[in-house]
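> So that we are looking at the same thing, I have put the structure below in C-alpha cells.
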Amino acid sequence: MMEMLDTLPIIPLFEGLDAEQTSTLMAVFEKYTCPPDTVIFEQGDAALYLYLILKGRAVISYKPYDGPRIVITRLRDGDVFGWSAAVGSNRYSSSVASESTLEAIRLRRERLWEITKYQPDTGKIIIDRLALNVSPRWKNAHDQIKPLIRGAERK
C-alpha cells in the first residue's frame, strides 16, 4: 500500500505541499483497486468516500426516476469522484463503475473534515484543489464547498 501512497507528491492535486502536509495526507488516504466492470457505488448509496484515480478509467452515470440511466462523464487518471462525500451529502447522487482495472486512493469523509478542522491550511488547499478538479463537471462546486470549509473552521 505504501508504494501507491508514495505517489502522492507527484499527483497534481498534491504538488507543492510541504512534507508535513504530504505526511498528513498519506496517513488518511487508503488504497482502492478493482477490476473492470465493478460498481464502486450506486446512486443513493451512503456517501462515505472521495476517490482520486491514479490509473484507470471509470464512468459516472445517473438514473432519473422516470427514464433510462444516462452517462454523465468518463473519468481517467487524476480525476476525482465521490464528490457527495466531500460536500456533506448523505447519499451519492450518481453511480460510478470502473471501465478498466482501477487504481485509486480514497479518503473517508470524516477524515477530510478532521483535516479541515485541525489543519485548516492543509484542508483548504485540498478542498480548493478538489473543487477546481471537478469544475468542468460541476461549475459551482467551489462555491458549494466554501461554506462547508468556513463551518469546519468554526467548529
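The values are calculated or read from the model by the stated rules, or taken from the named source; none is laboratory data. Here the structure is a predicted model, which is why all the values come from computation and not from measurement. Cβ sites come from the backbone with ideal geometry, for glycine too, and all protein chains shown count toward neighbours.
> So which residues in segment 77-94 are modelled with pLDDT of 90 or more and either closer than 18 Å to Ala58 by Cα or buried (at least 22 other Cβ atoms within 10 Å of the Cβ) (or both)?
Phe81, Gly82, Tyr92, Ser93, Ser94
> I'd like to know if segment 86-100 contains one or more residues that are in contact with a helix residue (DSSP H, G or I) (Cβ under 9 Å, 6 or more places away or on another chain) and either within 16 Å of Arg129 (Cα to Cα) or hydrophobic (A, V, I, L, M, F, W, C) (or both).
Yes.
> Taking the residues in segment 6-21 that are part of a helix (DSSP H, G or I) and closer than 16 Å to Leu112 by Cβ as candidates, determine which candidate is modelled with the highest pLDDT.
Checking each candidate, the answer is Gln21.
> Still on this model: What single numbered condition from (1) surrounded by fewer than 15 Cβ atoms within 10 Å (Cβ to Cβ); (2) in contact (Cβ under 8 Å) with a residue 60 or more places away in the chain fails to hold for Pro68?
Of (1) surrounded by fewer than 15 Cβ atoms within 10 Å (Cβ to Cβ); (2) in contact (Cβ under 8 Å) with a residue 60 or more places away in the chain, only one is false for Pro68: (2).
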